[in-house]
Amino acid sequence: MSEKIKEYPGHRIKTADLRAGLVPLIRYKPEAKFAFSAGAAMSRFLEELKNGRILASVCKKCGRIMVPPRTFCEICFKPVDDYTYVKDTGKINTYSVSFIAADASRVKEPTIVAVIELDGASPGMGILHKIGEIDWKEVKFGMRVKAVWKPPEQREGAITDIKYFKPLKEGEE
Amino acid sequence: MEMFGKRRVAVIGAGMTLFRRNLKETGKELCWEAAKMALDQAGLELKDIEAVVMGTAPDAFDGVHMKGEYLADGAGARKKPYMRVFVGGGTGVFTPIAGWWHVASGMFDTCLVVAEEKMSSCFPHPAYAFHTIFDPIMARPLGVTLIWIFALEMHRYMHVHGIKKEQIARVAVKNKQNALDHPCAQLPQKITVEDVLNSEVLCWPVQRLDISPTSDGAAVAVLAAEHVAKQLTDNPVWIDGVGWCIDSTYWTNRDLYYPKYVECAARMAYKMAGIKNPPKEIDVAEVYDPFDYKELHHMEGLMLCRKGEAPRLTEEGVTQRDGDLPINPSGGLLGVGNPIAAAGMMKVCEIFWQLRGEAGKRQVKKDARTGLAQAWGDLMQYGSVIIMRS
Amino acid sequence: MSREISTCPLRLRHYPGHLEPEYAYTLGIAGERFFREIKENARIMGAKCKKCGKIYVPPKLYCEECFEKLEEWVDVGTKGTVYTFTISFLDEHGEKLEKPEIYALIKFKGTYGGIVHRLGEVKPENVRIGMKVQAVFKPLTERKGTINDIAYFKPIME
Ligand SMILES: [Zn+2]
Ligand SMILES: [Zn+2]
């Protein structure tokens, strides 16, 4: 605000007045639902999750093995050359511990979330997922982890077919 | 950069509303209040305005789809050339950039740039609106929230440089303190580093006092071509550099510790403004601070210091109003509030007032001639930068 | 170049999603007063620009042309004219309505703007552009301060 301006507009609504229903409001709930088409690469990725495998794309020009898979390389701007599988193991690139739910309310059990660089993918190629079977205070950067899959009969072709990633012990694969 | 026949563009007026968690005004009314103030400051009437640019973030906040169109009359756009720009959180600084090219191109002599957000419409919490920005296949089924992804970035930044939470908390302390002098501020507070470290943990390492609030508000600037600006004011503030850049949407595929896209945007703006040594030549900067770590992250991306060096500068007081490189003298998003697009625009207004010497109690100690405003957005991938000179 | 073609297009997946947010809109400075007048006094108000003289219905906080603040409010009465109308056979979800509904843009004499509302007490085939209509308000106890406090507009004799 410039010191030349003496008054500034806006009428604040007190939270207490809102809660007490003293503020006239028009309420509305959108009803739209969506069906996102997964496309050629991600459809196959989801199908392969049912088989307990993680699909990646290969670009021979830049040499990258990309996960999540895609139909085109966004760097070379050409169709990818091939698809391959990467391992369901990797290491923690970064992580966070969430104490809040989607509506910003508090949860009892925190969720550990991480970017996991998968073995077999190009360096730095990671996916977002959860970490389990470990106290959040024990999680470390660079920690080796492995996917814990739902039983095959419960898989539905969703990223949640992997329940979470758990820490690997020294020497474990 | 060659001038390609571009015309010099000045900011000649600015205005804004209060930033608050809930304001009674509709989005249109907020736009009008701030736009009217900016026009009055510039000594212009609406009929003098040739084009209008609107900047406003996802429709899901206001809850009006096509809200660019919805807000048009409050923004003064009736029967005028009008467009809405949107680049996520980067919108607030990208809006005057779009206004700049309207005028620099020679198409228009005057342009009103309006930024608005009414996040309180989204019920019960604006967090719900953020869900819809994520990849529906890879991210949403996991229950991702906006704070997760910033927490992941913050943690990586801390890890790579060995930065401690105490160092980052100093940014929140400084900005909330600065906001005590801002008449529109939503969360001006005198707090300590201890308060930040003891505040509720949301998504480690992000705590309650590391974060800016959600807000309603609007902020507006009036742009004019050189010949018009010189007729209207003795102290125009020139837009001498603009830059913008986006990185890959596959954010889990890139290095989160450093905002390379902000560097690209800054290089573009510095080149245009003829700036060779940013820390020496930038007198005051408003960098995007929706979280305290972002101020540090962005100082580094803007090359105002070396990578990993921003926490030390903050500790040494360099970024205080009386320091060598004052950062966020307004109080930033952490202190003034974060009505997304309006928050970025507030930063542009602040640099305008700082360079005119009109910032009152918030005026930085040094003689500020060159200022910078920056915003950041989309999925942690977008940078917009503007360089202004008195 | 071996572009991936092995995925059968019939197996291409769709992934479901929906919008979670709900909304609570403030009526605004002008809107609160407009709806209070409807609710408490069954009055339709306009706001007059002292510069250009336009009377906005519904009222706004500002004149969109002069950008002046509108501070003079006037009662524009409850009678207006059908400026244009449509007969809807489908509801908001695209389902067939049992009985078609008539929606009209109703203008008030000497004012700028107008109100979109339902028409009642008239058969679709009898509606005409230029027809005079009057607001029928719900009983005071049922009014909530929304546009539906007006039940509908009905034709009147001139
Ligand atoms: Zn490639
Ligand atoms: Zn007028």
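The values are calculated or read from the model by the stated rules, or taken from the named source; none is laboratory data. The model shown is predicted, which means the values in this text are computed figures rather than measured ones. Reconstructed Cβ throughout: ideal geometry from the backbone, glycine too, with neighbour counts over all protein chains shown. Calculation scope for accessible area: heavy atoms of the full protein, side chains included, ligands and nucleic acids excluded. Shrake-Rupley method; radii C 1.70, N 1.55, O 1.52, S 1.80 Å.
Points to keep in mind about this one:
- Qualifying lysines (Cα of each under 16 Å from Cα of A:Lys108; at least 8 residues distant if same chain): A:Lys137
- For B:Gln189, the residues whose modelled amide H falls within less than 5 Å of its own, excluding neighbours fewer than 5 places apart on the same chain, are B:Gln177, B:Ala179, B:Leu180.
- Here region A:93-122 is scanned for amide nitrogen atoms under 19 Å from the site 7 Å beyond the Cα of A:Trp136 along Cα-to-Cβ, giving A:93-116.
- Placing +1 on the Cβ of every Lys and Arg and -1 on the Cβ of every Asp and Glu, with no other charges, gives region B:237-295 a dipole of roughly 320 debye about its Cα centre.
- Distance in nm between pseudo-label sites at A:Arg106 and A:Glu173 (7 Å out along the Cβ direction from Cα): 4.6
- About its Cα centre, the dipole of the protein assembly as shown is roughly 580 debye, where the only charges are +1 on Lys and Arg Cβ and -1 on Asp and Glu Cβ.
- Between A:Asp17 and A:Lys150, the distance separating the two model label sites (each 7 Å from Cα on the Cα→Cβ line) works out to 4.8 nm.
- Using heavy atoms of the protein chains and a probe of 1.4 Å, the accessible area assigned to A:Phe99 is about 30 Å².
- For chain C, a crude dipole built from +1 on the beta carbon of Lys and Arg and -1 on the beta carbon of Asp and Glu, taken about the Cα centre, is about 360 debye to the nearest 20.
- Positive end of the dipole of region B:49-108 (Cβ unit charges, origin at the Cα centre): among B:Gly63, B:Val87, B:Val53, the Cα lying farthest that way belongs to B:Val53.
- Overall form of region A:40-167 per C-alpha gyration tensor (a/c, 1.5; a/b vs b/c): prolate
- Region A:4-64: C-alpha gyration tensor shape, a/c 1.5 cut-off, then a/b vs b/c: prolate
- Cα gyration tensor shape of the protein assembly as shown, rounded if a/c is under 1.5, else prolate or oblate by comparing a/b with b/c: oblate
- What separates the Cα centres of region B:347-384 and region B:1-62 is a distance of 16 Å.
- Estimated inter-spin distance, C:His18 and B:Lys164, nm [label 7 Å along Cα→Cβ]: 4.9
- Rg [Å, one decimal], Dmax [Å, integer] - region B:47-185, C-alpha atoms: 19.0, 55
- Spatial separation of Cα centroids for region A:124-138 and region B:182-245, in angstrom: 34
- Spatial separation of Cα centroids for region B:283-314 and region A:53-86, in angstrom: 35
- Amide H to amide H, with H built 1.01 Å from N, B:Val237 comes under 5 Å of B:Val11, counting only residues 5 or more places away or on other chains.
- Between amide H atoms placed 1.01 Å from N, distances below 5 Å from C:Leu61 occur with C:Ala30, all of them 5 or more places distant or on a separate chain.
- Backbone geometry of region A:9-21 corresponds, through the Karplus equation with coefficients 6.51, -1.76 and 1.60 at θ = phi - 60°, to 3J(HN,Hα) couplings of x, x, 10, 6, 9, 6, 4, 4, 5, 4, 5, 7, x Hz, x marking Gly and Pro.
- Pairs from the list A:Lys169/B:Lys260; A:Lys61/A:Lys87; B:Lys6/C:Lys51; A:Lys87/A:Lys130 with a Cα-Cα gap above 26 Å: A:Lys169/B:Lys260; B:Lys6/C:Lys51.
- 3J(HN,Hα) couplings calculated from phi for region C:83-96 with the Karplus curve 6.51 cos²θ - 1.76 cosθ + 1.60 (θ = phi - 60°) are, in sequence order, 8, 7, 8, 9, 10, 9, 9, 10, 8, 5, 9, x, 7, 5 Hz; Gly and Pro show x.
- Residues B:Lys118, C:Lys109, A:Lys14 ordered from highest to lowest accessible area at a 1.4 Å probe: C:Lys109, A:Lys14, B:Lys118.
- Exceeding the 32 Å Cα-Cα cut-off - candidates A:Lys33/B:Lys294; B:Lys190/B:Lys230; B:Lys118/C:Lys144; B:Lys118/B:Lys174: A:Lys33/B:Lys294; B:Lys190/B:Lys230
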